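Data first, discussion second: the structure below is written as structure tokens.
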There are 4 protein chains.
Amino acid sequence: MIRVSIVGGTGYTGVELLRLLALHPEAEVVAVTSRSEAGRRVDDLFPSLRGIVDLEYTDPASSGAGDCDVCFFATPNGTAMHQAAELLDAGTRVVDLAADFRLKDLDVWQKWYGMPHAAPQLLEEAVYGLPELNRPAIREARLVANPGCYPTAVLLGFLPLLEGDLVEPDGLIADAKSGVSGAGRKAAIATQLCEAGDNFKAYAVAGHRHQAEIVQGLRSVTGHGIGVTFVPHLVPMLRGIHATLYARLKHADVDLQDVYERRYREEPFVDVMPPGSHPDTRSVRGANMCRIAWHRPGGGNTVVVLSVEDNLVKGAAGQAVQNMNIMFGFDERAGLAPVALVP
Amino acid sequence: MIRVSIVGGTGYTGVELLRLLALHPEAEVVAVTSRSEAGRRVDDLFPSLRGIVDLEYTDPASSGAGDCDVCFFATPNGTAMHQAAELLDAGTRVVDLAADFRLKDLDVWQKWYGMPHAAPQLLEEAVYGLPELNRPAIREARLVANPGCYPTAVLLGFLPLLEGDLVEPDGLIADAKSGVSGAGRKAAIATQLCEAGDNFKAYAVAGHRHQAEIVQGLRSVTGHGIGVTFVPHLVPMLRGIHATLYARLKHADVDLQDVYERRYREEPFVDVMPPGSHPDTRSVRGANMCRIAWHRPGGGNTVVVLSVEDNLVKGAAGQAVQNMNIMFGFDERAGLAPVALVP
Amino acid sequence: MIRVSIVGGTGYTGVELLRLLALHPEAEVVAVTSRSEAGRRVDDLFPSLRGIVDLEYTDPASSGAGDCDVCFFATPNGTAMHQAAELLDAGTRVVDLAADFRLKDLDVWQKWYGMPHAAPQLLEEAVYGLPELNRPAIREARLVANPGCYPTAVLLGFLPLLEGDLVEPDGLIADAKSGVSGAGRKAAIATQLCEAGDNFKAYAVAGHRHQAEIVQGLRSVTGHGIGVTFVPHLVPMLRGIHATLYARLKHADVDLQDVYERRYREEPFVDVMPPGSHPDTRSVRGANMCRIAWHRPGGGNTVVVLSVEDNLVKGAAGQAVQNMNIMFGFDERAGLAPVALVP
Amino acid sequence: MIRVSIVGGTGYTGVELLRLLALHPEAEVVAVTSRSEAGRRVDDLFPSLRGIVDLEYTDPASSGAGDCDVCFFATPNGTAMHQAAELLDAGTRVVDLAADFRLKDLDVWQKWYGMPHAAPQLLEEAVYGLPELNRPAIREARLVANPGCYPTAVLLGFLPLLEGDLVEPDGLIADAKSGVSGAGRKAAIATQLCEAGDNFKAYAVAGHRHQAEIVQGLRSVTGHGIGVTFVPHLVPMLRGIHATLYARLKHADVDLQDVYERRYREEPFVDVMPPGSHPDTRSVRGANMCRIAWHRPGGGNTVVVLSVEDNLVKGAAGQAVQNMNIMFGFDERAGLAPVALVP
């Protein structure tokens, strides 16, 4: 049984970690921190955890997170980078669910996140925690940068095409749609039920931080000029991401079903759907799974890939637990059994 | 490992049974029937079960349900009554999630359900499967009538008040609100997203079948004149029931918190919230739990009880699994671990 | 053409006033104030008003609201009471959509609203703006207290029963459900889509400010001991209130359909539905209308009244325009033509 | 005052026509037909129309639609083509809201709609009723084919780019998202609240009928090889279409804001938003308006156009009324005043 701490346990990824880890056979959460809720019982803020989580929020300053085997940062961007080094020195492994260690290029990071990086020396060591891409490195990692929700869905959808050099890499389009929980649990006008409900819109079309992460991930495969247009949208639902990906095939005669199935055959958390499928986000609601299907409309050279995940699970907390399992040599599926909730 | 069959596995209670039993350590589903979908893979109809359930729907006529230790009927009303006797004779225990065996009074049943009962001889033997009321009888039962979703929430809310003779029994009001999944999975206009979405309404105010079941349940405690007005409403959400119950206290000086806590202290699936709480339906989304709180507005003699459950879990499939656990001597919590999905 | 100003035009009742007044043949909005958005175009904040409203928000201090024939306060509680006297002195009539002038009893007001009243001298003059109750007084009023959303639905539902002395006045129950826009347009956690969406809960069961207003309204009819238990709930929808009202009939033989139809025959904005109806909130979405139906479940002595309205229209801005029409001698229906939006 | 009939008045486009025409100063609906609901009052089926529409549904066979100046077909595909000729012969103009007369190429129509066309002789005469493209022809038309909901949003978004020869015409992508009312008012499983609610999915990716209509519309501008990939998605909301359009610019230095503003300057129902805007669907909820904005992510050569409309208004009934106004020489805005309902 390893000891786990969660820094920032009042947001949606924090409470999702608590939900998943409650059933984990090898890990026990011993501390959950929150600056604003220190001293309050976790199950007072989240009654869904009554009888499940018997902890109070503690102040980050005194949390003793260093006394754990692994520490999850479920904090806003720019938090983990201030604390990771100390934890690593104390022998605690770190999984950051925010963006602090996702980008290798310091300048790109600082441009997109609008602040100086507090721990640039850790950028190289940090492993980008997409198991389907970096499992061996994750196994050895002290510091894992858990991928963003959009990049997970987009990368898993595009990877087989780029790895096989099957599509033109410079005209990719990722039209992505996310449930509102992707915006986090915070008081804001734009994500009020009366603003986001019964409504649909694109946002950040001019440029979204996750694009840099997507480009970096795709370049790790192709090594050269990736051109991708990424447009996120807000869907009036709680959870779920649906990425609709467009690319131009280089060759007409390719068995795409075979390409995808071979690529993900051994992956426990990527499901290639039968030909002609239209995965829906609810099919992964609450589950650590990315479901993928592809189409060639009219039999033409444009391939359309549909990729769905629960942004809080495979797009965040579930993937973080998956990474922890890999880091500690557990069964990669441990604690990730919950079946999607339908309806 | 007991062998389980499900008759009628294409509806919401059927697929919920599959979700829950997939994680059950002592039970294996070996057959799922459907007249309309016979021959189709279950996970083709419900992709959320891909990799979880490896079964095809079979025709009810040839399902071999009798070869199982227990058979769940997740069928419309009026189905189980035709098949239960034969199954029982073959030594298969039966849990009916529909209403066929819920009412003891044949005439009342036939009036409300508008058909002759096909197995009146089983009505007496059938045990009303509310564990918090009938656990000893359930333990011995061959045939369990799983309670309706509304009655479960209403009865668990009212029972402590009536058992303690604390309220006037003839002026009870149960104002209940249900998510749309309570209407089942069927093509209908009224439950289209564009009809029930962003909308709220009462229905069946003149009289709803579940009222007879509520009255029977309350009378089993008081033995005398229950008067209850039951008004159901349709909420634009997927799952969840919220019952708001009103009663007049007989005496002003009663410690209601103590009454509820003592009544349900040993119950694994009833949670008495702290004083002043407002349980919300999402706190039990996907979980086999009924959460209850009480209020005395203005300190007066009217007590308001708030009772929430997931209509598909504690209000249907979860309670059915709970009953199975009791019937077969398993840990009552077996297979019922999933934590509520929030958000 | 009268000149209209709106104080506090960034909230839902403010923008609803703008929507309705845009089509009003006799009134022109000449000023909309907002402390936080002064200088910003209204249609930049609300693109739905592009081409409809050609105004900028002005600072309340310099708004020149006094230069208008009527001023609507679409502000939080406690704002209008500071400015009303000066406006009235300047000859501007005032309609307050907040609660400042709704209660006649100063102590009760100060207890519920938790602040000293800044203009107690106006409480007696202020007319409670429920046209169906106070039309003659509204016609002469300088200062109208526009009713709360819940009280409008509850009072219109109960009035015929109490005016006719048909029910026991001391055991009334008002179980009310509101869409989330009732909470206003503000950054808050509880009304985020991910908190209030796909969820249902009661709130403020121990006591809600609108109860005092309901009691006052009912007492204005009966003159004596009203006992009403009022429980509000939050529905995952944008607009709409559904009040489910319970009362005990004094006499069994009363033609309730006739009672309601006679009471509201001349009312343009109350619709008594046919016997057996279940009004839904969408049937009044965007329309200035309250639809009412009654039931006697099982033919008993409990009468259940269903009353629906759009909380932003008949429950707020529409009723305010209706009051303005009465105050200025316009056709009471002027500007209130929009048909409910279904679906 | 012209006399109007509606064939098929029980669906969402039918009831939307009734809502809009109720306020039309020059048109009166004198007949609404429905095979299934003949004899029933319209406001019994749609209580939102109580006091607004005083009609009963009549049987199509005896409706006397021919006695009208104009007849709207709000019917399933394949209905209008059987009745249009007779109506036209009788001097009644026809606006078909379904697809019967949208495609000029008989073979393409028959392939996509899977039936022989019953009135091919009318295909040439029929005018494709997109006013922004065909206003002069609509003015003279006896028979107008009202555009599909998706094509309206997609064509209005792409037209300025193609008319100006500004983009590569053979690699267009239209990623479109629709509220559920686009599927019509019918009993179906897939559009149940519990199936489509809190869920998101693509559908018909392999090929959707509206693609042929989009291609035809774009070709009418370019005259040559259009290549467009069209992927529709289902959004858990009632109304609204959001089209996200992608194209490659031929030249980097083009003032797109100017292009769009000049193109639509005189159009009453197309709104070009300020640079950098993200139109949301609710901003046109209930209003006959298409709002458009464009972006060039990262300043590159890919242009992203965002185009929103209410699928039932500018995408159906509102556009039909707009066409009627043009055909009869009315003010094009007549009856189309309602302001979008926000929230």
Taking only C-alpha positions in the stretch C:45-98, Rg and Dmax in angstrom work out to 12.6, 36
Taking Cα atoms only, helix C:318-327 is inclined relative to the longest principal axis of chain C by an angle, in degrees rounded to 10, of 80
In vacuo Debye sum over C-alpha of the stretch A:2-125, base-10 log of normalised intensity I(q)/I(0) at q = 0.09, 0.13, 0.15, 0.22 Å⁻¹, listed in q order, is -0.25, -0.52, -0.67, -1.23
Hits in the stretch A:207-222: amide N under 15 Å from the 7 Å Cα→Cβ extension of A:Ala137, namely A:213-222
Debye calc, one equal point scatterer per Cα of the protein assembly as shown, no solvent, log10 I(q)/I(0) at q = 0.05, 0.09 1/Å comes to -0.37, -1.33
Per GNM of chain A with C-alpha springs under 10 angstrom, the most fluctuating residue out of A:Val284, A:Val305, A:Val221 is A:Val221
Taking Cα atoms only, Rg over Rh for the stretch C:228-276 with Rh from the Kirkwood formula is 1.03
At R0 = 41 Å the Cβ-Cβ FRET efficiency linking A:Met115 and D:Ser36, nearest 0.05, sits at 0.05
What a careful reader reports for the chain C Cβ nearest the rotation axis onto chain B, distance rounded to whole angstrom, is C:Asp175, 2
Rounded to the nearest 10 degrees, the helix C:12-21 long axis (Cα) sits at an angle to the longest Cα principal axis of chain C of 80
Ranking B:Trp112, D:Trp109 from most to least accessible area with a 1.4 Å probe gives B:Trp112, D:Trp109
Sorted shortest first, the nm distances from the C:Arg262 label point (7 Å along Cα→Cβ) to its counterparts in the other copies are 5.3, 7.2, 8.6
The simple spin-label model distance between A:Arg333 and B:Asp105, using points 7 Å out along Cα→Cβ, in nm, is 5.1
Computed about the Cα centre, the charge dipole of the protein assembly as shown from +1 Lys/Arg and -1 Asp/Glu charges at the Cβ has a magnitude in debye, to the nearest 20, of 0
Counting only protein heavy atoms with a 1.4 Å probe and every protein chain in place, the carbon and sulfur fraction of the accessible surface of the stretch D:2-125 in whole percent equals 46
Using eta = 0.890 mPa s and T = 25 °C, Stokes-Einstein with Kirkwood Rh from Cα pairs puts D for the stretch B:150-311, in µm² s⁻¹, at 151
On protein heavy atoms with a 1.4 Å probe, the accessible surface that disappears when B meets D, both sides summed and given to 100 Å², is 1700
Here the whole-number average of other chain Cβ atoms within 10 Å per Cβ of A:12-20 is 2
With every protein chain kept in place and a 1.4 Å probe, chain C has an accessible area per residue in Å² of 32
Label points for A:Lys104 built 7 Å along Cα→Cβ; distances to same position in the other copies, nm, shortest first, come to 5.4, 7.4, 7.8
Dividing the alpha-carbon radius of gyration of chain D by 2.2 N^0.38 Å, where N counts its residues, gives 0.96
Per residue, the convex hull enclosing the Cα atoms of the stretch A:285-342 spans a volume in Å³ of 103
So the FRET efficiency between D:Asp165 and D:Arg219, C-beta based with R0 = 22 Å and rounded to 0.05, is 0.95
Using eta = 1.567 mPa s and T = 4 °C, Stokes-Einstein with Kirkwood Rh from Cα pairs puts D for the stretch B:1-73, in µm² s⁻¹, at 109
With R₀ set to 56 angstrom, the calculated FRET efficiency between the beta-carbons of C:Glu26 and B:Asp67, to the nearest 0.05, is 0.10
Quarter of the surface of the C-alpha convex hull for the stretch A:189-246, i.e. direction-averaged projected area in nm², equals 5.0
Comparing C:Pro279, C:Pro297, C:Pro160 in a Gaussian network model of chain C (Cα, 10 Å), the one with the largest mean-square fluctuation is C:Pro297
Counting lysine pairs in chain B that sit 8 or more positions apart or on different chains, with Cα atoms under 28 Å apart, gives 13
Label points for B:Gly225 built 7 Å along Cα→Cβ; distances to same position in the other copies, nm, shortest first, come to 2.2, 8.8, 9.0
With Rh as the Kirkwood radius over Cα pairs, the stretch D:50-177 has Rg/Rh of 1.03
Taking Lys and Arg as +1 and Asp and Glu as -1, residues besides A:Ala85 with C-beta under 11 Å from its C-beta add up to -2
Rounded to the nearest 10 degrees, the helix C:80-89 long axis (Cα) sits at an angle to the longest Cα principal axis of chain C of 70
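The values are calculated or read from the model by the stated rules, or taken from the named source; none is laboratory data. Bear in mind the structure is a predicted one, so any value in this text is a computation, not a measurement. Positions of Cβ are generated from backbone atoms using ideal geometry, with glycine treated the same way; all protein chains shown enter the neighbour counts. For the accessible areas, the whole protein counts, side chains as well, though only heavy atoms, and no ligand, DNA or RNA atoms are used. Shrake-Rupley method; radii C 1.70, N 1.55, O 1.52, S 1.80 Å.
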